[in-house]
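The block underneath contains the structure these notes are about, expressed in structure tokens.
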Amino acid sequence: MNESQAQHVAHRVIVDLTTQLDLTHFDDSLRSVAAGRAARRQAVTSALRGVADASQSRLIPLLERLRRRGDVAEYERFIIVNRFVVGATPAGIRALAAAPDVATISEETPPTGSALAVVRADVTNLDSVSWALRAIGGREGLDGHGGVVGIIDAGASAAHEQLRQNFRGGNTSWFNPSAPTSTPTDILRGHGTGVLSAAIGRTIGVAPGARWIACVGLPDGHYNNIALTQCAEWMIATGQPDILINPWQLPEPGCDRSLQRIVAVWRLAEILPVFAAGNYGPEPRSDRSPSNYGFSVGAVARGDRLFARSSRGPNSCDRSIYPTIVAPGSAVPVAYPLTPSSYIRTDGSSVAAGLVAGAAALLLQRHPDASVAELEEALRAGAVDLGPRGPDNDFGYGRLSVPGALKALDRIRSAAKPSSSTVRPMQQ
């Protein structure tokens with residue numbers, strides 16, 4: 001392709017606008033009202049949409065003029081971050097960059113190595129009870145009923161016996177922006193299926209009574225900033241899970257804040273994002289984003305030995321403890337979508353994150369009105385301390401304990417009961 005031809009080729013870019021919802025101020029306003037989970041999510045999405053509609057409407061006439069001129073092929077609007085994804089020629093991109101409402105323009109990320117946090121997988125027969133489930137203290141008579149667990153991954157299978165019965169179903173439970181299909185599939189390597197089965201599998205999961213939804217945000221297992229934006233938006237506007245598993249990392253080590261606003265919006269809408277800490281150990285400072293600005297989960301083997309490749313801290317973004325906690329992540333039996341009854345043993349922080357997500361669903365069953373912050377505090381406070389006394393940059397606050405987290409949340413919720421004179425109900 002010569003230079004003249006290249007000037008007429010459209011490239012996909014992310015166009016972020018200058019006006020964004022003030023998340024801190026909006027969070028403060030929500031704290032002054034007694035907002036249930038559903039009402040809070042509606043308030044957050046309405047506020048995001050209001051900000052986006054106002055400024056996006058000013059840019060749409062320019063996009064339409066550029067489309068008629070042949071310099072814009074397509075565009076898509078988003079609210080989780082006030083942005084467009086635009087297919088535009090170099091001339092179209094220059095015209096957009098000059099618009100006063102445009103803050104930044106970012107190129108679509110090229111394919112890199114796998115972003116999925118998995119190390120190895122061996123074919124196995126199914127154990128009667130997973131050692132990982134025993135290690136975290138079982139289910140304490142709960143099953144996660146009433147909770148919804150989401151996942152952003154390369155796919156998930158609703159055909160497997162562990163996941164068939166608790167897929168939420170309908171047209172708001174599965175989204176593949178790259179290749180739209182009506183049925184959840186996981187044809188790449190079974191990563192999403194395995195992680196979900198650890199969280200909510202019918203017999204091997206921590207919370208078999210919870211339902212699940214999924215979005216393909218890592219096409220072919222690779223990080224793509226546009227696919228991730230599409231899934232992030234779908235999760236808050238359509239899927240709306242209570243807990244969201246993110247068993248992947250950005251390609252480069254260290255602190256990359258490009259997804260920080262997305263994570264903050266999920267939390268604002270009372271969606272608990274649970275991140276795999278990564279498998280880049282044993283070196284210190286082997287953390288990656290976005291797990292280093294979220295609730296990150298490292299991995300341990302049997303006997304509470306640290307999994308050798310579990311990523312370590314300190315946190316590159318703020319020097320805090322990393323990972324947040326650890327959970328079983330070595331030779332854990334999980335579902336594998338080769339057949340509806342195939343299983344593997346897998347290693348890594350992805351499956352550990354799945355176990356923590358399942359535990360969070362149990363906490364929500366016990367206390368349906370618990371906030372994201374309260375769930376995170378309970379998981380930290382209830383963890384079994386490992387390694388040096390107190391939090392450290394190998395084990396975080398300790399190994400996941402379902403009984404410990406439930407007791408901690410009981411205490412937190414008891415102390416947090418508001419006085420009727422200080423909190424007013426949210427207007428519907």
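Counting other beta carbons within 10 Å of each Cβ, put His191, His25, His145 in order, fewest first.
Numbers: His191 30, His25 8, His145 15.
Listing His191, His25, His145 from fewest to most nearby Cβ atoms yields His25, His145, His191.
For Asp369 and Glu107, FRET efficiency with R0 = 41 Å and r from the beta-carbon atoms, rounded to 0.05? Write down the numbers at each step before the final one.
Working: r = 42 Å, r/R0 = 1.04.
Here the calculated transfer efficiency is 0.45.
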Q.
Nearest 500 deg cm²/dmol is fine: what mean residue ellipticity at 222 nm does the chain get from its DSSP H runs of n ≥ 4 alone, each adding -39,500 (n - 2.57), divided by its residue count?
A. -9500 deg cm²/dmol
Q. Considering amide H positions built from the backbone, and no H for Pro or chain starts, which residues 5 or more places from Ala73, or on another chain, come under 5 Å of its amide H?
A. Gly87, Ala88, Thr89
Q | Nearest-20 debye value, the chain charge dipole, Cβ charges on Lys, Arg, Asp, Glu | A | 640 debye
Q. Comparing Pro290, Pro273, Pro90, which has the greatest mean-square fluctuation in the GNM of the chain with Cα pairs linked when under 10 Å apart?
A. Pro90
(Q) Below 8 Å, C-alpha to C-alpha, sequence gap of six or more: please give me the relative contact order for the chain in percent. (A) 18 percent
Q.
Is the C-alpha gyration tensor of segment 3-107 telling us rounded, prolate or oblate? Criteria: a/c under 1.5 is rounded; beyond that, a/b larger than b/c is prolate, otherwise oblate.
A. prolate
Q: State the answer as a single residue: which of Asn279, Ser349, Gly137 lies farthest towards the positive end of the charge dipole of the chain, with beta carbon charges of +1 for Lys and Arg and -1 for Asp and Glu, about the Cα centre.
A: Gly137
Q. What's the extension gain from Gln42 to Glu252 if we count 0.36 nm per residue and subtract their Cα-Cα distance?
A. 72.1 nm
Q | Ordering of 18-24, 70-76 by packing [mean C-beta count within 10 Å, highest first] | A | 70-76, 18-24
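Only Cα pairs under 8 Å and at least 6 apart count here; give the relative contact order of segment 3-107 as a rounded whole percent.
On the way: 140 pairs, mean separation 49.3, N = 105.
Once divided by the residue count of segment 3-107, the mean separation gives 47 percent.
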**Q.** For segment 351-368, 3J(HN,Hα) per residue [Karplus equation, 6.51 cos²θ - 1.76 cosθ + 1.60, θ = phi - 60°, Hz, x = Gly/Pro]
**A.** 5, 4, 5, x, 4, 5, 4, x, 4, 4, 5, 5, 4, 5, 5, 5, 10, x
Q: Just report the Cα centroid separation between segment 133-152 and segment 38-71, whole Å.
A: 38 Å
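For segment 294-387, compute Rg over Rh where Rg is the Cα radius of gyration and Rh is the Kirkwood radius from the inverse mean 1/r over Cα pairs. Please report the intermediate quantities before stating the final value.
On the way: Rg = 14.7 Å, Rh = 14.5 Å.
For segment 294-387, the value is 1.01.
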**Q.** Spin-label model distance (nm) - Ser178 vs Arg94, 7 Å beyond Cα toward Cβ
**A.** 3.3 nm
Q: Would you mind checking which residues have amide H under 5 Å from Tyr223's amide H? H placed 1.01 Å from N; only 5 or more apart, or other chain.
A: Thr112, Ala115
Q. Dipole magnitude of segment 3-107 about its Cα centre, charges +1 at Lys/Arg Cβ and -1 at Asp/Glu Cβ only, in debye to the nearest 20?
A. 320 debye
Q) Which listed residue (Ala47, Ile80, Ala97) has the Cα farthest towards the positive end of the charge dipole for segment 3-107, taking +1 on Lys and Arg C-beta and -1 on Asp and Glu C-beta about the Cα centre? A) Ala47
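Can you bin segment 121-415 into rounded, prolate or oblate? Criterion: square roots of the alpha carbon gyration tensor eigenvalues sorted a ≥ b ≥ c, rounded for a/c under 1.5, prolate for a/b above b/c, oblate for the rest. Provide the component values of the computation, followed by the final result.
Values: a/c = 1.24, a/b = 1.15, b/c = 1.08.
Here segment 121-415 falls in the rounded category.
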Q) Which shape class applies to segment 329-370: rounded if a/c is under 1.5, otherwise prolate when a/b exceeds b/c and oblate if not, where a ≥ b ≥ c are the square roots of the Cα gyration tensor eigenvalues? A) oblate
Q | GNM result for the chain, Cα springs below 10 Å: residue of Pro177, Pro403, Pro388 fluctuating most strongly | A | Pro388
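Coordinate-derived values only; no laboratory data. Since the model is a prediction, treat every value here as computed from it, not as a measurement. Methodologically, a virtual Cβ is constructed for each residue, glycine included, from the backbone with ideal geometry; neighbour enumeration extends over all protein chains shown.
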